[in-house]
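A short worksheet on the structure shown next.
The values are calculated or read from the model by the stated rules, or taken from the named source; none is laboratory data. Source: prediction; values computed, not measured. Neighbour counts run over all protein chains shown; Cβ positions are idealised from the backbone, glycine included. Keep in mind that these areas ignore ligands, DNA and RNA; they rest on the heavy atoms of the full protein, side chains included. Shrake-Rupley method; radii C 1.70, N 1.55, O 1.52, S 1.80 Å.
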Amino acid sequence: MPQTIAHPVHHELIVKKSRFLCCVQPMSDRASAQAVVDALRQQHPGATHVCWALLAGGQSAAVDDGEPSGTAGRPMLEVLRHQDLEGVLATVVRYFGGVKLGAGGLVRAYTDCVAQALLHAEKITLQRMSTLQCSLPYAMEGWLRRELELAGAALLNVQHQAAVCMQWSIPEDQSSGLIERINEGGQGRINWLKFWPS
């Protein structure tokens, strides 16, 4: 099951006089990641490279920032993938020390820097959620509220119209059992409107 990390973690690595300053932190999208990278460039104007990798679903990215292609961003991204992380940004600021490391040396340095930082990370399992919505008679609202509370569902929205329309979220692996209980207890008076995995 995918995980994220609770807090930013840092690691510094020195390889043949080059300094690699790594930070791995929770991050949900590319725009936020780019803002972090831009801030690092301002904080480290003398740095040779600010390489980064973001693992965030369809917004994932791997950026070498002038290092030989495939020697920085992609290896960093592979470390995040290998640890089954999601919603995580890894950045490495490199100060060149005057000695070239070669492609293999760069891959090892960027990989090791991120892997070492992650040794100190507190990981949190990501729970896939489902959002459900139904309408029901007013007389059944209290009953459904109790069912949702017992199931540990989070009530998101309630609208009172011709019928009561309720929307909630629940861990995906628990949604089918709850739907079954609601259908049994609702005795055909529940009208399902929407179901979204999130």
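Accessible area per residue (1.4 Å probe, heavy atoms of protein chains only) ranks 14, 5 as 14, 5, with the largest value leading. The computed Cα Rg over 2.2 N^0.38 Å for the structure shown corresponds, within [x] 1.22; [y] 1.44; [z] 1.01, to [y]. Judged by a Cβ-Cβ distance under 4.7 Å, the unpaired cysteines of the chain are 23, 51, 134, 165. For the chain, the residue among 88, 183, 68 whose Cα projects farthest onto the positive side of the dipole built from Cβ charges is 68. Looking at the stretch 1-88, none of the GluC sites (Glu not before Pro) sits in a DSSP loop with at most 12 other Cβ atoms within 10 Å of its own Cβ. The calculated FRET efficiency for the pair residue 192 and residue 122, based on their C-beta separation and a Förster distance of 45 Å, comes to about 0.70.
Remark: relative contact order (the chain) = 23 percent; criterion is Cα-Cα distance under 8 angstrom and separation of 6 or more residues.
Over the stretch 113-198, all Cα pairs binned in 10 Å intervals from 0 give whole-percent P(r) values of 16, 45, 18, 10, 8, 4, listed from short to long.
To the nearest 500 deg cm²/dmol, what mean residue ellipticity at 222 nm is calculated for the chain from DSSP H runs of n ≥ 4 alone, each contributing -39,500 (n - 2.57), summed and divided by the residues?
Working: 5 runs with 67 residues, N = 198.
Value at 222 nm, helices only: -11000 deg cm²/dmol.
Rounded to 0.05, the FRET efficiency of the residue 169 and residue 96 pair, given R0 = 45 Å and the Cβ-Cβ distance, is 0.40.
How many angstrom lie between the Cα centre of the stretch 143-198 and the Cα centre of the stretch 19-81? Computed from Cα coordinates, the inter-centre distance equals 41 Å.
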